[in-house]
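Accompanying notes for the structure given below.
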Amino acid sequence: MASQKPKPKPPLTRLRRLRENAGMTQAKLAYLAGVSLYTLWILEHCTDRDELDRTKLGTLRKVAHALGVSVAELAPELSQ
């Protein structure tokens, strides 16, 4: 029997929770942050660390600002 690898967690595990706690849809947060819906989807679902690392800090700042949190609160994974 082959053992199954655990599915990797999305890098920004807090983003979805913060967005939902703020009562926002992905579309609303994308609009308020001034980013595309696709960009926001990638941030919430991407399991490729390289893809996340290519995300511009400015994009994370926009999303964090729209949520009323700091980048460190939004993405503590990036400081690891």
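The values are calculated or read from the model by the stated rules, or taken from the named source; none is laboratory data. Model, not experiment: these values are computed from the prediction. Backbone-built Cβ (ideal geometry, glycine too); neighbour counts: all protein chains shown. Accessible surface is based on the protein model in full, side chains and every heavy atom, while ligands, DNA and RNA are left aside. Shrake-Rupley method; radii C 1.70, N 1.55, O 1.52, S 1.80 Å.
Residues in the range 68-80 that are modelled with pLDDT under 85 and surrounded by 14 or more Cβ atoms within 10 Å (Cβ to Cβ): how many? Residues flagged as modelled with pLDDT under 85 and surrounded by 14 or more Cβ atoms within 10 Å (Cβ to Cβ) within the range 68-80 amount to 3.
Residue-by-condition table, conditions (1) modelled with pLDDT of 90 or more; (2) among the aliphatic types (A, V, I, L, M):
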| residue | (1), (2) |
| --- | --- |
| 14 | no, no |
| 20 | yes, no |
| 31 | yes, no |
| 43 | no, yes |
| 50 | no, no |
| 53 | no, no |
| 58 | no, no |
| 62 | yes, no |
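Among the residues making up the range 57-67, those that are over 11 Å from the mean Cα position of the chain (by Cα) and open to solvent by less than 70 Å² (accessible area, probe 1.4 Å) are 58, 66, 67.
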